[in-house]
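The values are calculated or read from the model by the stated rules, or taken from the named source; none is laboratory data. Quantities reported herein were computed from a predicted structural model and do not represent experimental measurements. Glycine also receives a Cβ, built like all others from the backbone with ideal geometry; neighbour counts cover every protein chain displayed.
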Amino acid sequence: MYIKKNRLLTPGPTPLLPQALHAMMGSDIHHRTEDFRKVYKSVLSGLKEVMQTQNDVIVLVASGSGAMEASIQNCFSCGEEVLVCTAGKFGERWTALTKAFGLKPTVIEQPYGSVVTPEQVAAALEANPNIRGVFVQASETSTGAAHDIEGMAKVVRKTDALFVIDAITGLGTMPLKIDEWGLDIVIGGSQKAFMIPPGLAFLSVSERAWKRMEESKNARFYFDLRRERKNALNGESAWTPAVSLVLAMDEALKYIKNLGMDNLIKNAQLLATATRAAATALGLELFSGKNPGSSVTAICAPAGMDSSVIVKDFRNRFGSIIANGQGSMKGQIFRVAHLGYFDFADLFAMVAELEIILAAHGQPVEFGRGVAAVQNVYAAAALAKETTKEPVAV
Ligand SMILES: *Cc1c(COP(=O)(O)O)cnc(C)c1O
């Protein structure tokens, strides 16, 4: 009856950058040519630049989990002891992956919505000097919580353990000082803050991690990072790359470099702040209220209401796709993303939609309250700056 535009508001996949999408139409190009090598080299150096690291960044044709697997396969050996920090669905993936490769994980598990602290990591490392690696999510997308990576790095760096970070939704939403903090492996995925479709995973690898790869006894073939590193020197990948996604990534990186990685992070942080303000103004409870990250905000459904109803209504009434809770949190929370190509106009609409949906289900809502909270955050951040007079030069 009404026009409904599809709007992707999920924490992966995220909305596509139009110019990246258009670049994919140039995919009739061969990957062993100078034209493509130029683009591939530009993507590799662009990733280093936006990740702000001197470490090599390796690109794999896989979703983010492929790079998680590659980090374990390449740097560890069957039987080694490792530490997994988990407080959500993606933390559980680290546990499952380490076990799948025959590692012996000590697991620090915190309830969903909470986080593992640096103190807990320090205690576990002290109790077990055989730990060869520490695994964590920078941003736990299933709950919206963010880990204190800097604090954890401080304690991990007192040992020889490799610090492996799933930053798939951490990159572009929080500061991650890879070189300064000594982060050995930092993993990203194309369909999150990088504004392009799923299919590319990438990871920065420290010298410490490259050395560890020589010791690993695991068989490696498709995801052999050493082989990828060697080929990358010539602007090539070991296997046929996802040409269309590499072209898209090159455009997205241009956009991010022009905007500035710090501004991409600030954008997500501001949208997250505004979303929390809106939820609070509407009397809704935040799920990871104590440790909120900026990639995604998880909001509890009002008491007695199933969050699946809210998610469905977003889609049916407005064409907006938001995320439900995962696993045991399905039906309890809904999640709204801020990472990548999101702006305030997206958020004004989303909060206005939410108000209508809540009212349609008999919740007490004063129209405009949540939207006003978002407007106030924008005004405080942007309008205030515009009206500040520049000091007069003398
Ligand atoms: C999206 C995501 C992943 C990767 O999932 P894929 O489906 O393999 O891309 C891993 N960790 C986190 C924290 C994520 O948000």
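Tabulated results
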read-out: Conditions (1) closer than 26 Å to Leu339 by Cβ; (2) without any contact (Cβ under 8 Å) to a residue 40 or more places away in the chain; (3) among the β-branched types (Val, Ile, Thr); number of the one not met by Thr173; value: (2)
read-out: Of the criteria (1) surrounded by 16 or more Cβ atoms within 10 Å (Cβ to Cβ); (2) over 30 Å from His31 (Cβ atoms); (3) away from the ligand (no atom under 16 Å from the Cβ); (4) of a type outside the set (A, V, I, L, M, F, W, C), which one Asp179 fails; value: (1)
read-out: Qualifying positions in the stretch 1-43 - farther than 30 Å from Val296 by Cβ, basic (Lys, Arg) and in a loop (DSSP other than H, G, I, E, B); value: Arg32
read-out: One residue from Ala209, Ala219, Ala232, Ala193 being under 24 Å from Glu34 (Cα atoms), modelled with pLDDT of 95 or more and touching a helix residue (DSSP H, G or I) at 6+ places or on another chain (Cβ under 9 Å); value: Ala232
read-out: Top-ranked residue of the stretch 2-57 - restricted to ones that are of a type in the set (Gly, Ala, Ser) and more than 19 Å from Met174 (Cα to Cα), ranked as surrounded by the most Cβ atoms within 10 Å (Cβ to Cβ); value: Ala20
read-out: Candidate set from the stretch 76-111 (those that are among the charged types (D, E, K, R) and under 20 Å from the mean Cα position of the chain (by Cα)); member that is nearest to Lys211 (Cα to Cα); value: Arg93
read-out: Hits in the stretch 1-42 (condition: among the aromatic types (Phe, Trp, Tyr) and in contact (Cβ under 8 Å) with a residue 24 or more places away in the chain); value: Phe36, Tyr40
read-out: Scope the stretch 79-109; condition within 15 Å of the ligand (Cβ to nearest atom) and assigned to a loop (DSSP other than H, G, I, E, B); matching residues; value: Ala87, Gly88
